[in-house]
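Everything below concerns the one structure shown next.
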Amino acid sequence: MKDMFGMMKQVQAMQEKFASLQAEMEALEVEGRSGGGMVRVVMSAKGQAKSVHVDESLLQRAEKEILQDLITAAFNDGKSKGEALMQEKMGALTAGLPIPPGLKLF
């Protein structure tokens, strides 16, 4: 029974750390880029868009489809960076806990 109480304390501590990590990830920003930096998006590590920067050379009617593709690519780049950051932080948070491989906690 002693092990059960110890495990419950570990789970509770992990839940508190996880809640703190969630808040931290909302505050951390990542920058997604495409077109060699001609399109940049800033977003939270959780994927909330904050801002978009588009190089003026892309603001031509003939470049509309290219611009749309570049914005999409920049958002996807930012999302990937946010997910990688989250994985890194979660790895540090769960280090030493017997969590099965492949189990996603977020």
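Quick notes on this structure:
- Qualifying residue in region 65-85 (condition: at pLDDT below 85 and under 30 Å from Met7 (Cα atoms)): no
- Output for region 1-59, where each listed residue is of a type in the set (Val, Ile, Thr) and within 20 Å of Phe75 (Cα to Cα): Val30, Val39, Val41, Val42, Val52, Val54
- Residue in region 62-77 that is part of a helix (DSSP H, G or I) and within 13 Å of Leu28 (Cβ to Cβ) present: no
- Scan of region 1-39 for residues that are open to solvent by 40 Å² or more (accessible area, probe 1.4 Å), in contact with a strand residue (DSSP E or B) (Cβ under 9 Å, 6 or more places away or on another chain) and part of a helix (DSSP H, G or I), ordered by number: Glu26, Ala27
- Inside region 1-53, residues that are closer than 19 Å to Asp69 by Cα, among the acidic types (Asp, Glu) and without any contact (Cβ under 8 Å) to a residue 12 or more places away in the chain make up a count of 0.
- Of the residues making up region 5-41, those that are in contact with a His (Cβ under 8 Å, 6 or more places away or on another chain) and of a type in the set (Val, Ile, Thr) number 2.
The values are calculated or read from the model by the stated rules, or taken from the named source; none is laboratory data. Just so it is clear, the structure is predicted and the values come from calculations on it, not from any experiment. Neighbour counts are summed over all protein chains in view; Cβ atoms, including those assigned to glycine, are modelled from backbone coordinates with ideal geometry. Surface accessibility is based on the protein's heavy atoms, side chains included, excluding ligands, DNA and RNA. Shrake-Rupley method; radii C 1.70, N 1.55, O 1.52, S 1.80 Å.
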